[in-house]
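Asker: Take a look at the following structure, please.
The values are calculated or read from the model by the stated rules, or taken from the named source; none is laboratory data. Note that the structure is a prediction, hence the values are computed from the model and not measured. Positions of Cβ are backbone-derived with ideal geometry, glycine not excepted, and every protein chain shown enters the neighbour counts.
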Amino acid sequence: MPAPSWKATPARAVPGRTRTFLTAAEGHMHIIRNPKDVLSGLLFIVLALLFAWQTQDLPMGTAVRMGPGYFPLVLAILLGLLGLIVLVNGLRFPGERPSGIAWRGLAIITFAVVFFGVAVRPLGFLPALAVSVFLSALASRLFHPATALAITAAMVVFAWAVFIKGLGLPLPLLGPWLGGY
């Protein structure tokens, strides 16, 4: 008895939607409709698991009295949920294939994060954050100095309001290199 032949049958055309069919020529179904989103979602989930794993040796505390591991774990969970949403959207909606890696942007963002980590003690929280945010804006191909300065100012004010005033973290605003501490 010959094996059944699966053929794609034309479906009613629905604007903005694609159909997935099992065909004899392909021999499999295309489940991934947006490879870029699927890869991004998987990356977010893997990073979230790594961050959550790193918090397991830290005391958690409670929501009212947070320990050093509480907030990083909450952020890891949120990153994992975001990754799951992006992954599911990559399976549901069509999109484009990854076109390559933006090496310039990756290098600038990486440098900005490393700069913040190195400069936060000698410069202080706000100057290190301001330089890091401005450097990060350079990673965009649509960089414009006025927009970058506006984003930097907004981020510095937001971070000050959340971390210094809201959470009361004992971060020095200015470091010893700038006359603070």
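Asker: So which residues in the stretch 116-141 are part of a loop (DSSP other than H, G, I, E, B), crowded, with 17+ Cβ neighbours inside 10 Å and within 19 Å of the chain's Cα centre (by Cα)?
Answerer: Listed by number, the list holds a single entry, Ala139.
Asker: Can you work out which of the residues in the stretch 99-115 that are in contact with a Lys or Arg (Cβ under 9 Å, 6 or more places away or on another chain) and surrounded by 11 or more Cβ atoms within 10 Å (Cβ to Cβ) is farthest from Val156 (Cα to Cα)?
Answerer: Among those residues, the one meeting the criterion is Ala102.
Asker: Can you tell me how many residues in the stretch 135-181 are within 24 Å of Ile109 (Cβ to Cβ) and of a type outside the set (A, V, I, L, M, F, W, C)?
Answerer: Residues that pass the stated criteria total 8.
Asker: Within the stretch 55-112, which residues are under 16 Å from the mean Cα position of the chain (by Cα) and not in a helix (DSSP H, G or I)?
Answerer: Within the stretch 55-112, Ile101, Ala102 qualify.
Asker: Return a yes/no flag: does the stretch 142-156 have any residue that is surrounded by 15 or more Cβ atoms within 10 Å (Cβ to Cβ), closer than 23 Å to Phe51 by Cα and at pLDDT 95 or above.
Answerer: no
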